[in-house]
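The values are calculated or read from the model by the stated rules, or taken from the named source; none is laboratory data. These figures come from a predicted structure and were not determined experimentally. Note that each Cβ is placed from the backbone with ideal geometry, even for glycine, and that neighbours are counted across all protein chains shown. We work out accessible area using only protein heavy atoms, side chains counted, and drop any ligands, DNA or RNA first. Shrake-Rupley method; radii C 1.70, N 1.55, O 1.52, S 1.80 Å.
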Amino acid sequence: MKHFSFVIIDDSESNRLKTKAVTASFQNLSFLAFATNYEDGLDCILEYRPELVFLEIDPSDKDSNLSLMLINELHRYLKVIPKIFVTTKNDSLCLNAFKYGVFDYFIHPIESKELRKSLYRLEKEVTILDLEKAEVKTMLPKNNLQQVDAIQDISVEALVDKTLVQLDKPSNETSDTNIKTEEVITNPETSTNLSLDEANLSIINNSQLRQDSFPTEKDVSFIQTENTHEKPLIICVKSYGDYRYIEAKDICYLQADNNSTDIHLHTGEMITAFKTLKHFEGVMTYPFVRIHNSYIVNIDFVSRIHTGNTVCHIKGTTTKLPFSKSYKENIDGIISYIASGNYLEI
């Protein structure tokens with residue numbers, strides 16, 4: 001199957017983890033980033049340029065402003081809109097969603113079999129489009145193939161129009177194309193009459209200008225690769241000129257302490273930051289998950305979850321973190337995420 005990159009835009013941490021857990025079983029899907037609200041979601045798409053977007057349109061947190069309007073906003077900035085997979089618990093918005101051109105509509109939690117069907121439909125659509133482009137290219141005269149390779153931004157429709165103009169000419173005129181400058185063709189950019197040679201030159205020049213303004217497919221691929229392999233997140237705990245740098249991957253869990261937060265590292269060391277736990281919840285995403293009013297845990301350090309005793313065990317320690325009923329969905333998300341990896345249940 002073809003490979004697709006994707007982002008998840010959802011205000012619910014539990015839903016984000018469950019969606020990522022389902023996608024992890026598909027080797028042709030490459031996760032790029034999470035976002036939790038409208039503004040961050042828009043910026044996430046513009047930064048990573050994913051091919052797929054899993055979008056929540058009926059958020060539980062109305063302040064996140066997530067809705068179908070995000071799709072309209074994308075048209076302001078992008079020439080090619082990523083395929084939108086709506087993910088929500090509300091099936092009453094389905095008809096309206098398809099009016100916005102979404103590719104598919106999923107009810108939480110997403111089922112693997114439904115996602116698999118959707119991906120096969122998407123692959124079929126992309127394959128057909130590639131074949132159409134290839135057919136158009138083969139229709140052009142051989143001496144114009146080099147020009148076509150240079151015109152990367154011209155649409156399939158524009159190429160077809162140009163081909164038909166050339167193919168419709170009588171055979172006795174075709175050989176004189178380079179001589180008869182009085183024959184004209186309409187320039188799609190300026191809507192003025194130009195000779196065929198001038199039109200070809202104008203199209204190539206315009207394509208080069210557009211290539212300077214917009215990234216090519218090669219550029220986009222490079223941008224995604226750069227963002228996918230970012231350096232590890234560094235957290236700086238600053239206090240009276242003292243800058244303490246911590247790698248996020250070394251944090252086991254965070255514990256609230258009134259208006260400050262204790263950061264517990266895997267080495268056993270504890271560092272106090274003068275920010276509330278709610279502040280950290282807002283700025284730290286996967287793999288950090290809120291499980292209690294007083295605790296945020298790093299999923300990578302969870303060694304055991306006891307739902308009966310409502311506790312999480314921290315790997316390599318005797319520490320047990322309680323989780324509350326109000327965060328039970330997040331616990332279910334952690335369980336689903338761990339089970340989606342290289343996993344054996346006995």
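For the stretch 308-325, the set of residues classified as within 33 Å of the chain's Cα centre (by Cα), surrounded by fewer than 18 Cβ atoms within 10 Å (Cβ to Cβ) and modelled with pLDDT of 90 or more consists of His313, Lys315, Ser324, listed by residue number. Sort out which residues of the stretch 240-278 are surrounded by 11 or more Cβ atoms within 10 Å (Cβ to Cβ), within 21 Å of Asp300 (Cα to Cα) and not hydrophobic (A, V, I, L, M, F, W, C), and write them in order of number. Residues satisfying the conditions are Glu247, Lys249, Asp250, Tyr253, Gln255, Thr261, Asp262, His264, His266, Lys278. For Ser14, the conditions (1) open to solvent by less than 30 Å² (accessible area, probe 1.4 Å); (2) within 18 Å of Val80 (Cα to Cα); (3) not charged (D, E, K, R) are fulfilled apart from (2). Is at least one residue of the stretch 228-239 surrounded by 11 or more Cβ atoms within 10 Å (Cβ to Cβ), part of a helix (DSSP H, G or I), modelled with pLDDT under 90 and in contact with a strand residue (DSSP E or B) (Cβ under 9 Å, 6 or more places away or on another chain)? Yes; the residues of the stretch 228-239 include at least one that is surrounded by 11 or more Cβ atoms within 10 Å (Cβ to Cβ), part of a helix (DSSP H, G or I), modelled with pLDDT under 90 and in contact with a strand residue (DSSP E or B) (Cβ under 9 Å, 6 or more places away or on another chain). Residues in the stretch 4-38 that are touching an Asp or Glu at 6+ places or on another chain (Cβ under 6 Å) and among the aromatic types (Phe, Trp, Tyr): Phe4 alone. Every condition in (1) under 17 Å from Ile263 (Cα atoms); (2) in contact with a helix residue (DSSP H, G or I) (Cβ under 9 Å, 6 or more places away or on another chain); (3) in a helix (DSSP H, G or I); (4) at pLDDT below 90 holds for Glu329 except the one numbered (1).
Among the helices (runs of 4 or more DSSP H) confined to the stretch 63-142, the ones with at least 2 residues that are within 29 Å of Asp332 (Cα to Cα) and in contact with a helix residue (DSSP H, G or I) (Cβ under 7 Å, 6 or more places away or on another chain) are located at 112-139.
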